[in-house]
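Participant: Sharing a structure, written as structure tokens. Questions coming.
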Amino acid sequence: MTGLPTGADATLAPVRDSLRAAALATVAEIGHDARERGQALLAAAGREADGIRAAAAAAGEDAARSEATMRSARVRRQAHETVLTQRNALRLELQEKVRVSATALRTDPRYPDLLAGLIERAHALLGPDATVTENEDGGVTAEAGSRRLDLSLPTLAADTLAQMSPEVADLWRR
Amino acid sequence: MTDRTTTPGAADSENLPRKAEGRISHGDVRELRGPLLVMGDVAGVGWDEFASVDVAGRERHGLVLEVDHDLVTLQVLEGTDGMAPGNIRVRFAGQPLRIPVGPGWLGRVCNGRGEPLDGGPPVTGDTTLPVSGWPLNPVHREPPQEPVLTGISVIDALTTLVRGQKLPIFSVPGLPHLALATQIAAQATSGGTAFRVVFAAMGLTHADIAYVRDRLEERSAAGELVLLLNAADDPVIERILTPRIALTVAEHLAYTEGHDVLVIMSDMTSYAEAVREVSAARREIPARRGYPGYLYSDLASLYERCGRVRGQNGSVTIVPVLTMPAGDITHPVPDLTGYITEGQIVLSAEVAARGIYPPVDALSSLSRLMRSGAGAGRTREDHLDVAAQVLAALARARQAAELAELVGAGALSETDRSYIAYRGQVESGLLNQGHDELRSLDDTLGRAWSALATLPRQELTMLSTEFLDRYLPEGSEAS
């Protein structure tokens with residue numbers, strides 16, 4: 001058995017109208033909500049985009065500033081290192097001149113006295129049995145068992161220069 | 001015939017005894033063991049004496065660790081790689097290692113033994129001092145009480161550093177502890193005066209070293225920085241010396257030259273590993289995780305070299321950085337460090353993962369001297385109360401966040417939700433800041449008040465009504 005009794009259509013018409021109206025109202029409400037939510041989402045997305053853009057710009061500025069600072073720092077460091085390298089070159093030159101001057105003492109008339117003093121010192125430190133040999137650059141080296149004493153002129157000069165380093169450093173700090 | 005007493009040559013020979021004894025070299029090598037070198041047939045050598053080790057014409061350096069009759073054990077700072085009996089000559093200096101001290105160090109970059117890396121001549125000074133330092137008479141110490149402003153909000157507001165304090169940074173590998181340490185070094189001032197900075201790098205990578213040099217270049221160019229660099233590929237044993245040289249330089253700059261000096265030592269875990277390596281080579285009985293039992297006193301011998309001395313202007317403030325293997329705060333190095341130092345700044349991977357720099361775990365961090373250095377007459381009247389309130393609220397916020405994970409934020413009370421909002425505000429507004437952003441203390445405390453303003457006023461129980469009326473921003477939730 002199908003269909004509605006005769007006259008039911010007319011009777012149900014208000015119900016249908018009411019249901020349709022309710023459905024349309026719901027559709028309108030959903031549509032309105034959807035539009036509102038869409039607008040809210042769009043607004044939120046817009047705000048987020050603005051935020052991201054602003055953060056990116058700030059980060060970019062920050063990075064650029066850091067990069068500029070770094071670059072400037074590196075240039076200044078290189079300049080400072082150049083000065084230090086020149087100072088060290090002067091120090092090495094002085095060392096070499098002192099070494100040459102010390103070696104030249106071999107031809108000094110006072111050298112035999114100095115040599116005798118060094119030999120005496122070597123024996124005093126390593127004992128009378130120590131083997132003392134004159135160094136080709138001047139001064140002596142001595143050995144006793146596993147101990148070895150270096151009293152060559154270049155070594156003594158280098159040691160003296162090292163001990164005088166505060167005074168010597170004034171030469172290139174001025 | 002020349003008069004012997006007036007000849008320069010004769011005068012030199014008479015001066016020889018002092019110099020000449022240092023020219024005796026010894027070649028009786030008995031043993032090479034790890035970083036240790038055992039020499040025989042040696043007399044008149046003392047403990048901690050410095051030595052030069054000639055290895056086939058190239059110079060290395062050593063320190064005497066043991067003397068037993070005619071046997072002397074040395075630790076070779078550059079390691080014993082490539083050394084073999086027969087090509088070694090050792091000369092003992094007759095004294096512990098001494099370094100020249102003075103302003104000549106400022107602006108210089110040296111290796112972990114204090115030798116120049118910047119191409120310049122060796123550092124010179126009118127005075128030399130032993131690197132092991134002199135113990136400071138405890139009654140000559142002045143209690144630290146002036147604040148150090150770092151321009152970093154989380155430190156200035158919540159764990160205030162004090163002039164003469166030792167405050168370590170506990171971190172884990174991969175976190176920006178070096179960035180934080182260099183930012184402190186670059187920005188720290190006390191009483192409006194910048195610090196002289198001595199940076200001792202131990203076991204750092206070359207990339208990290210380049211970063212440190214770049215970040216601190218301003219200080220270096222201004223002649224306010226000393227860099228001692230022991231890279232990861234530099235000799236491990238050398239690291240034992242690096243912090244001692246740094247502290248010796250710093251002490252002279254502070255107590256003789258009158259400067260405020262900040263010493264940053266990074267990474268102290270690498271230092272402790274060097275101590276462990278030597279200890280193992282000496283076959284000492286290992287304590288926790290293989291570190292020697294004397295690690296505590298060894299670390300104390302470094303950390304206790306900071307402070308202020310009565311009647312002297314300068315100060316030495318130490319910020320050691322140490323990485324905790326696997327983030328384990330009970331590891332011997334952070335554990336023992338925590339016993340000696342006056343608080344700690346703890347960095348957290350979890351905070352870093354939320355994109356916050358510096359990733360300080362504020363609730364685990366503490367400056368034990370903050371009460372001496374902050375508050376009315378030192379920083380600002382409301383400082384201590386604000387810090388206490390910020391931390392208390394953060395603790396409550398952490399609980400609320402944990403609860404929200406279980407039951408959802410919607411099920412929380414209005415108050416708990418305000419705490420979660422507060423945490424977000426604290427992290428974004430107060431804790432998070434740029435790598436080279438310098439904030440004034442007023443700015444920092446203002447940000448703290450802004451964050452607190454997200455909480456209901458009745459929750460701000462640690463702040464007096466007077467402070468609330470004076471500092472709480474208008475129109476806020478709490479006002």
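The values are calculated or read from the model by the stated rules, or taken from the named source; none is laboratory data. For clarity, every value in this text was computed on a predicted model and none was experimentally measured. In this analysis, Cβ positions are derived from the backbone assuming ideal geometry, glycine residues included, and neighbour counts consider all displayed protein chains.
Participant: Looking only at segment A:105-116, filter to residues that are buried (at least 17 other Cβ atoms within 10 Å of the Cβ) and either of a type in the set (A, V, I, L, M) or touching a His at 6+ places or on another chain (Cβ under 6 Å) (or both); which one of those is nearest to the other protein chains (Cβ to nearest Cβ)?
Facilitator: Result: A:114.
Participant: Scan segment B:202-221 and report the pairs whose first residue is away from every other protein chain (no Cβ under 13 Å) and over 12 Å from residue B:107 (Cβ atoms) and whose second residue is assigned to a helix (DSSP H, G or I) and not hydroxyl-bearing (Ser, Thr, Tyr), with Cβ atoms within less than 6 Å and a gap of 6+ or a chain change.
Facilitator: So the pair list comes out as B:202/B:239; B:208/B:178.
Participant: Name the one entry in B:233, B:208, B:214, B:260 that is assigned by TED's automatic domain parsing to the domain that holds residue B:294, charged (D, E, K, R) and either within 21 Å of residue B:333 (Cβ to Cβ) or touching a Pro at 6+ places or on another chain (Cβ under 7 Å) (or both).
Facilitator: Exactly one of B:233, B:208, B:214, B:260 is assigned by TED's automatic domain parsing to the domain that holds residue B:294, charged (D, E, K, R) and either within 21 Å of residue B:333 (Cβ to Cβ) or touching a Pro at 6+ places or on another chain (Cβ under 7 Å) (or both), namely B:208.
Participant: Another question, then. Of the residues A:134, A:120, A:143, A:167, which single one is closer than 30 Å to residue A:83 by Cβ, of a type in the set (Asp, Glu) and out of contact with any Phe, Trp or Tyr (no Cβ under 8 Å at 6 or more places or on another chain)?
Facilitator: A:167
Participant: For residue B:353, state whether it is in contact (Cβ under 8 Å) with a residue 60 or more places away in the chain and more than 15 Å from the chain's Cα centre (by Cα).
Facilitator: Considered against the rule, which asks whether it is in contact (Cβ under 8 Å) with a residue 60 or more places away in the chain and more than 15 Å from the chain's Cα centre (by Cα), residue B:353 comes out as no.
Participant: Exactly one condition in (1) of a type in the set (D, E, K, R); (2) crowded, with 19+ Cβ neighbours inside 10 Å; (3) more than 9 Å from every other protein chain (Cβ to nearest Cβ) is false for residue A:147; which is it?
Facilitator: That leaves (3) as the condition not met.
Participant: Right, here's the next one. Filter segment B:402-426 down to the residues that are loosely packed, with under 13 Cβ neighbours inside 10 Å and outside any helix (DSSP H, G or I) and list them by number.
Facilitator: Those that are loosely packed, with under 13 Cβ neighbours inside 10 Å and outside any helix (DSSP H, G or I): B:408, B:413.
Participant: Given the residues A:130, A:102, A:157, A:73, which is the only one that is within 9 Å of another protein chain (Cβ to nearest Cβ) and either out of contact with any Cys (no Cβ under 9 Å at 6 or more places or on another chain) or farther than 27 Å from residue B:86 by Cα (or both)? It would help to see each step written out before you state the result.
Facilitator: Values: A:130 fails: within 9 Å of another protein chain (Cβ to nearest Cβ); A:102 fails: within 9 Å of another protein chain (Cβ to nearest Cβ); A:157 fails: within 9 Å of another protein chain (Cβ to nearest Cβ).
Going through A:130, A:102, A:157, A:73 in turn, just one is within 9 Å of another protein chain (Cβ to nearest Cβ) and either out of contact with any Cys (no Cβ under 9 Å at 6 or more places or on another chain) or farther than 27 Å from residue B:86 by Cα (or both): A:73.
Participant: Does at least one position in segment A:136-144 carry a residue that is facing another protein chain (nearest Cβ under 8 Å) and not in a strand (DSSP E or B)?
Facilitator: Among the residues of segment A:136-144, not one is facing another protein chain (nearest Cβ under 8 Å) and not in a strand (DSSP E or B), which makes the answer no.
Participant: Could I ask something else about it? Inspect all residues belonging to segment A:126-133 and state whether any of them is surrounded by fewer than 19 Cβ atoms within 10 Å (Cβ to Cβ), farther than 25 Å from residue B:28 by Cβ and at pLDDT 90 or above.
Facilitator: Checking segment A:126-133: not a single residue is surrounded by fewer than 19 Cβ atoms within 10 Å (Cβ to Cβ), farther than 25 Å from residue B:28 by Cβ and at pLDDT 90 or above.
Participant: So, one more: On the basis of being in contact (Cβ under 8 Å) with a residue 12 or more places away in the chain, outside any strand (DSSP E or B), surrounded by fewer than 22 Cβ atoms within 10 Å (Cβ to Cβ) and not hydroxyl-bearing (Ser, Thr, Tyr), does residue B:164 make the cut?
Facilitator: Details: in contact (Cβ under 8 Å) with a residue 12 or more places away in the chain: yes; outside any strand (DSSP E or B): yes; surrounded by fewer than 22 Cβ atoms within 10 Å (Cβ to Cβ): no; not hydroxyl-bearing (Ser, Thr, Tyr): yes.
The answer is no for residue B:164.
Participant: So for segment A:46-53 (the condition being loosely packed, with under 15 Cβ neighbours inside 10 Å and aliphatic (A, V, I, L, M)), does at least one residue qualify?
Facilitator: The answer is yes, given that some residue of segment A:46-53 is loosely packed, with under 15 Cβ neighbours inside 10 Å and aliphatic (A, V, I, L, M).
Here is a yes/no grid of residues against (1) outside the structural domain of residue B:260 (by TED's automatic domain parsing); (2) in a strand (DSSP E or B); (3) under 22 Å from residue B:252 (Cβ atoms):
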residue: B:155; (1), (2), (3): no, no, no
residue: B:174; (1), (2), (3): no, no, no
residue: B:180; (1), (2), (3): no, no, no
residue: B:183; (1), (2), (3): no, no, no
residue: B:199; (1), (2), (3): no, yes, yes
residue: B:219; (1), (2), (3): no, no, yes
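Participant: Turning to a different aspect of this structure: Filter segment B:210-230 down to the residues that are aliphatic (A, V, I, L, M) and at pLDDT below 90, then identify the one that is nearest to the chain's Cα centre (by Cα).
Facilitator: Among those residues, the one meeting the criterion is B:212.
Participant: May I pose another question? With segment B:299-401 as the region, which strands (runs of 3 or more DSSP E) entirely inside it contain at least 1 residues that are farther than 20 Å from residue B:144 by Cβ?
Facilitator: Once the strands (runs of 3 or more DSSP E) in segment B:299-401 are filtered for at least 1 residues that are farther than 20 Å from residue B:144 by Cβ, what remains is B:315-323, B:343-346.
Participant: To continue, here is another question. Name the residues in segment B:175-189 that are farther than 17 Å from residue B:222 by Cα and surrounded by 20 or more Cβ atoms within 10 Å (Cβ to Cβ), would you?
Facilitator: Matches in segment B:175-189: B:175, B:177, B:178, B:180, B:181.
To keep it simple, each residue is scored yes or no on (1) aliphatic (A, V, I, L, M); (2) touching a residue at least 60 places away in the same chain (Cβ under 8 Å); (3) out of contact with any Asp or Glu (no Cβ under 7 Å at 6 or more places or on another chain).
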residue: B:359; (1), (2), (3): no, yes, yes
residue: B:369; (1), (2), (3): yes, yes, no
residue: B:376; (1), (2), (3): yes, no, yes
residue: B:384; (1), (2), (3): yes, no, yes
residue: B:389; (1), (2), (3): no, yes, yes
residue: B:406; (1), (2), (3): yes, no, yes
residue: B:414; (1), (2), (3): no, no, yes
residue: B:420; (1), (2), (3): yes, no, yes
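Participant: Turning to a different aspect of this structure: Of B:197, B:263, which residue is surrounded by 20 or more Cβ atoms within 10 Å (Cβ to Cβ) and closer than 18 Å to residue B:309 by Cβ?
Facilitator: It is B:263.
Participant: Could I ask something else about it? Answer yes or no: is there a residue in segment A:59-68 that is at pLDDT below 90 and of a type in the set (S, T, N, Q).
Facilitator: yes
Participant: For residues that are of a type in the set (A, V, I, L, M, F, W, C), assigned to a helix (DSSP H, G or I) and in contact (Cβ under 8 Å) with a residue 60 or more places away in the chain, tally how many sit in segment B:427-469.
Facilitator: Looking only at that region, the number is 9.
Participant: If residue A:119 passes every condition in (1) within 7 Å of chain B (Cβ to nearest Cβ); (2) modelled with pLDDT of 90 or more but one, which one does it miss?
Facilitator: (1)
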